[in-house]
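Input: a single structure, listed below in structure tokens.
The values are calculated or read from the model by the stated rules, or taken from the named source; none is laboratory data. Please read these numbers as outputs of a predicted model, since none were measured by experiment. Cβ placement follows ideal geometry from the backbone for every residue including glycine, while neighbour counts extend to all protein chains displayed. Side chains included, ligands, DNA and RNA excluded: accessible areas come from the protein's heavy atoms. Shrake-Rupley method; radii C 1.70, N 1.55, O 1.52, S 1.80 Å.
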Amino acid sequence: MRTPHDIGSRLIERKVDVCFAHADRDQDALIELADVSVLFTRILAYVGEPLGSPRALAVHTASQRFCDHMASVTGWSPDRRITPEEWREAMAKALAGGTADYDAYFRPVGESVWAAVDRDGDGIVRLPEFTAFQRGMGTPDANIRLAADRMGLPDADAGLPMADVLLAHREFYTSADAGSPGNWLYGDVWADAFWDGTRAKL
């Protein structure tokens, strides 16, 4: 199995490719910004959050701010067809401000989504919740199992503190460190389930 340790210099690029694959539901190597919004609705449905609830509204508000930010740095309309290469460039622009851009546009998405994943609101994400989230994202089963193991969720009784989940979310989107635990948030980012050698896919 390939791991993030194999090609550390391309780590951020590969993680961006995984994000593209999550939104590319028909696997045609093209997405629209509107597909990103649909992805968040899918997550809410899979975790069992009513779409009209305050938590769902928080997710939609945060995800719309993220899409608006992407549109502002690229000039894209919601229905513009985007390639994996264009998505990489756009994500680089969207995070050009470093920590400040993450905190402004990416962190609120993570916080709102994981708050919805934490069904009882106790600040602990358990394996069934984690699995429902991953299925909403479209993560293949093998990578769900790998991600759960790497995140410290070996069985249904295990739990991960929300602070650790949000740190993993930050590391996945921002860290070029091959040793960051957050690199494993969606499993093996080099797996063929995410990449066929030419384009991002699931």
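The table below lists the values:
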{"read-out": "Helices (runs of 4 or more DSSP H) wholly inside the stretch 8-100 containing at least 3 residues that are at pLDDT below 90 and either touching a Cys at 6+ places or on another chain (Cβ under 9 Å) or closer than 22 Å to A191 by Cβ (or both)", "value": "11-23, 33-47, 84-94"}
{"read-out": "Residue identified as on the phi < 0 side of the Ramachandran plot, assigned to a helix (DSSP H, G or I) and of a type in the set (A, V, I, L, M, F, W, C) among A115, A191", "value": "A115"}
{"read-out": "Selection count, the stretch 123-136, where residues are in a helix (DSSP H, G or I), touching a helix residue (DSSP H, G or I) at 6+ places or on another chain (Cβ under 7 Å) and either over 20 Å from S53 (Cα atoms) or without any contact (Cβ under 8 Å) to a residue 60 or more places away in the chain (or both)", "value": "5"}
{"read-out": "Tally of residues being without any contact (Cβ under 8 Å) to a residue 40 or more places away in the chain and either surrounded by 13 or more Cβ atoms within 10 Å (Cβ to Cβ) or under 14 Å from the mean Cα position of the chain (by Cα) (or both) across the stretch 98-122", "value": "2"}
{"read-out": "Residue selected from the stretch 148-180 under the condition over 18 Å from R10 (Cα atoms) and in a loop (DSSP other than H, G, I, E, B), by the criterion most open to solvent (accessible area, probe 1.4 Å)", "value": "D157"}
{"read-out": "Within the stretch 170-179, tally of residues that are touching a helix residue (DSSP H, G or I) at 6+ places or on another chain (Cβ under 6 Å) and in contact (Cβ under 8 Å) with a residue 60 or more places away in the chain", "value": "5"}
{"read-out": "Residue within the stretch 132-140 that is open to solvent by less than 20 Å² (accessible area, probe 1.4 Å) and hydrophobic (A, V, I, L, M, F, W, C) present", "value": "yes"}
{"read-out": "Every residue from the stretch 69-112 that is under 23 Å from L30 (Cβ atoms) and of a type in the set (D, E, K, R)", "value": "D79, R80, R81, E85, E86, R88, E89, K93"}
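Okay, residues lined up against (1) open to solvent by less than 20 Å² (accessible area, probe 1.4 Å); (2) free of Cβ contacts under 8 Å to residues at least 24 places away in the same chain:
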position: Q27; (1), (2): no, no
position: V38; (1), (2): no, yes
position: I43; (1), (2): yes, no
position: L51; (1), (2): no, yes
position: A58; (1), (2): no, no
position: A71; (1), (2): no, no
position: W76; (1), (2): no, no
position: P84; (1), (2): yes, no
position: A90; (1), (2): yes, yes
